[in-house]
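> Quick one: structure below, then a few questions.
None of the figures in this text is laboratory data; all of them are computed from the coordinates on show. This one's a predicted model, so the numbers in the text were calculated from it and none came from an experiment. Note that each Cβ is placed from the backbone with ideal geometry, even for glycine, and that neighbours are counted across all protein chains shown.
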Amino acid sequence: MQRVEFDQDSTSAVNPVDDSSLTVEQAIANLHHQDKGLRYYAAWWLGRFRVRIPEAVTVLIEALEDEADRTSDDGYPLRRNAARALGKLGDTRAVPGLIACLDCSDYYVREAAAQSLGMLGDTTSIPGLMKLLAGGCAEATPIPGLPHLAQPYDAAIEALGALDAREAESLIQPFLEHPMELLQYAACRAMYQITANPTYGDRLIQALKNEKLQLRRAALADLGAIGYIKAADAIAQTLAENSLKLISLKGLLESEVKQTNDTLSADAIRVMDLMDNLL
Amino acid sequence: MIATTDLLAQKLIQAVEEADSSQRLLTAVQNLAQARLIAAIPTLIQVLGYNNPGAAVAAVDGLILIGEPVVSPLLEKLDDYNYGARAWAVRALAGIGDPRGLNTLLVAAKTDFAMSVRRGAAKGLGNLHWHQLPPEQVQTYQGEALEALIQVSQDHEWIVRYAAVVGLAALLNVTSTRPDWQARIIAQFEQMLTTDDNLAVCSRIRLAQQSN
């Protein structure tokens, strides 16, 4: 089957040639092109189409140290795209370069690197990710004039949860009480992954009733990511788009099926029944 | 009696039109939807275009409850809709299951730009109320639905393929007079299990195989 996935949860290999003017060879070559726009696009493209070949990973790792592409406020756009792409390509050769990016002066490079390290699943990145949380909630406050906090706390917390970083538990725990709900949810998600304590999953179920749609959407994504099977009915009843509820339930279903070695448990069938009704 | 119903409809419709917050709109649409009144149809159809997911869900539920009388006005309105509203309208048509919706669902499942529309249409195609058709037309309609669903089961979005499996599974249950079609559906499931790498889609196929 020809597969060009647009959804973020894709894991499939793709045939990149069918849906774009670029070829794999061109995209790799373009990462050394003198036109920085083409370099930037090529980095995005290699991740977007999951070009999982060693040559692509090699040029993207080099791009993590790019000095040529700068924004007016000293950002590194090419590094951002390269860091995002490397998370999708599943090659742990990228881990040392991404860990180095956690110290980059550009917030968005640090955020992309944290997200990608969470996806790559290599526990050597845990100390670097923990450093981002070092100041605790006291330092996790809004910066006047900037749309983000000092560090990409949510990305770091989620990555540590995905890495099952038990040593980070006491660093993450205070964020359960952070004034920003999104950070509380990220902390719930990670704490559940680390401790399997249902209290945290149950808090995310409560969050599905938040009056803000944006926060209900975030809770849907978090529950899907942890595959919290008890949330199935609450997810189906949440006031939000069916598309997001379906993605969330897909997370529950896949987690359940993986735990039961591909047989269909009563819970799995229940989740599919809910999904059928949301189509 | 009729006068009372008219009065009730008027009151409920007015509440929808005068709702000045998202929450009030939702409550008003829910109340109107539950009343199951023919007079509510135009208002419920209008709500599909409000870009308010909660209210749209309630309106779709209400339209499905009313059923058959909704189909003509809904089909007439479809061309004027934006994608969001079309998705809700297709869902209503899919939920009502009236075979007059077949052509809309065929086109939507195969070609619509929005995956939510393809998804709703695919499920609906397998679940039309075939008994509402003259017996000699049933196989023609089912044949068209089958061809469309086989095609849609190769959509590039997992959720559309999932919905196609749901549609094909429903079709499998009503085509006992056509063992050749049933064999095609079963073969399509087998093939997807070897080529489709989405665990949710494959799980739904296994459920369909178990239930068959």
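> Helix by helix, which DSSP H runs in chain B go 15 Å or more along their axis at the Cα atoms and have an average Kyte-Doolittle hydropathy of 1.6 or more? Please report the intermediate quantities before stating the final value.
Working: long enough: B:2-18 (24 Å, 0.42); B:22-35 (20 Å, 0.07); B:53-66 (20 Å, 1.88); B:83-96 (19 Å, 0.68); B:115-126 (17 Å, -0.12); B:135-152 (26 Å, -0.24); B:158-174 (25 Å, 1.72); B:179-195 (24 Å, -0.28); B:199-211 (18 Å, 0.37).
Length and hydropathy pass: B:53-66, B:158-174.
> Something else about it: By the scheme Lys and Arg +1, Asp and Glu -1, what is the net charge of all other residues having a beta-carbon under 12 Å from that of B:Gln137?
Overall, the nearby charge balance is -1.
> If I histogram all Cα-Cα distances within the stretch A:74-187 using bins 10 Å wide from 0, what percent of pairs lands in each bin?
Result, from short to long distances: 16, 49, 31, 5 percent.
> Further question on the same structure: For the stretch A:163-270, report the translational diffusion coefficient in µm²/s to the nearest whole number, using Stokes-Einstein at 25 °C, 0.890 mPa s, and a Kirkwood Rh over Cα pairs.
Answer from the Stokes-Einstein relation: 175 µm²/s.
> How fast does chain B diffuse by Stokes-Einstein, in µm²/s, taking the Kirkwood radius from C-alpha pairs at 4 °C and 1.567 mPa s? Before the final figure, lay out each step's value.
Working: Rh = 18.1 Å.
My calculation gives 72 µm²/s for D.
> Related question: Once all Cα-Cα distances of the stretch B:97-212 are split into 10 Å bins that start at 0, what whole-number percent is in each one?
The calculated distribution, bin by bin, is 15, 50, 31, 4, 0.
> Would you calculate, for the protein assembly as shown, the mean residue ellipticity at 222 nm contributed by helices, counting each DSSP H stretch of 4 or more residues as -39,500 (n - 2.57) and dividing by all residues, to the nearest 500?
Working: 28 runs with 325 residues, N = 491.
Theoretical 222 nm ellipticity from helices: -20500 deg cm²/dmol.
> Now a separate question. Classify the stretch A:32-104 as rounded, prolate or oblate, taking a ≥ b ≥ c as the square roots of the eigenvalues of its Cα gyration tensor: rounded when a/c is under 1.5, otherwise prolate if a/b is larger than b/c and oblate if not.
oblate
> Determine the relative contact order of chain B: mean sequence separation of Cα pairs under 8 Å and six or more apart, normalised by residue count, in whole percent.
Values: 275 pairs, mean separation 26.0, N = 212.
Taking the mean separation of contacting Cα pairs over the length of chain B, I get 12 percent.
> Once both axes come from the Cα atoms, what is the angle between helix A:153-162 and the longest principal axis of chain A, in degrees from 0 to 90, rounded to 10?
The helix A:153-162 is inclined about 70 degrees to chain A.
> In whole Hz and in residue order, list the ³J(HN,Hα) couplings for the stretch A:82-87 that follow from phi through the Karplus curve 6.51 cos²θ - 1.76 cosθ + 1.60, θ = phi - 60°; x for Gly and Pro.
Here the 3J(HN,Hα) series is 5, 5, 5, 4, 5, x Hz.
> Just to confirm the number: angle between the C-alpha axis of helix A:36-48 and the first principal axis of chain A, 0 to 90 degrees, nearest 10?
The answer is roughly 40 degrees.
> Using square roots of five times the C-alpha gyration tensor eigenvalues, list the equivalent-ellipsoid semi-axes of chain A in whole Å, biggest first. Spell out each step's value before the answer.
Numbers: eigenvalues 201, 124, 55 Å².
For chain A, the semi-axes come out at 32, 25, 17 Å.
> Quick one: net charge around A:Leu208, please, counting Lys, Arg +1 and Asp, Glu -1 for every other residue with C-beta under 15 Å from its C-beta.
Net charge in that neighbourhood comes out at +2.
> Ranking request for peptides A:233-244, A:203-214, A:105-116: highest mean number of other beta-carbon atoms within 10 Å first, then the rest in descending order.
Ranking, from highest mean packing down: A:105-116, A:233-244, A:203-214.
> Same structure again: Please say if the protein assembly as shown is rounded, prolate or oblate, where rounded means a/c under 1.5 for a ≥ b ≥ c the square roots of the C-alpha gyration tensor eigenvalues, and otherwise the choice is prolate for a/b larger than b/c and oblate otherwise?
In terms of gyration-tensor shape, prolate.
> Suppose each label sits 7 Å from its Cα in the direction of the beta carbon; what would the B:Glu147-B:Gln132 distance come out to in nanometres?
Inter-label distance under the simple model: 2.3 nm.
> Per residue of A:91-101, how many C-beta atoms from partner chains lie within 10 Å of its own C-beta, taken as a mean?
Average neighbour count from other chains, rounded to a whole number: 0.
> Could you give me the ³J(HN,Hα) list for the stretch A:220-231, computed from phi with Karplus coefficients 6.51, -1.76, 1.60 and θ = phi - 60°, whole Hz, x at Gly and Pro?
Using θ = phi - 60°, the values come out as 4, 5, 5, 5, x, 5, 8, x, 7, 5, 5, 7 Hz.
> Cα axis of helix A:107-120 to longest principal axis of chain A: angle in degrees, 0 to 90, nearest 10?
60
> Taking K and R as +1 and D and E as -1, what net charge do the other residues with C-beta under 12 Å from the C-beta of B:Glu190 add up to?
+1
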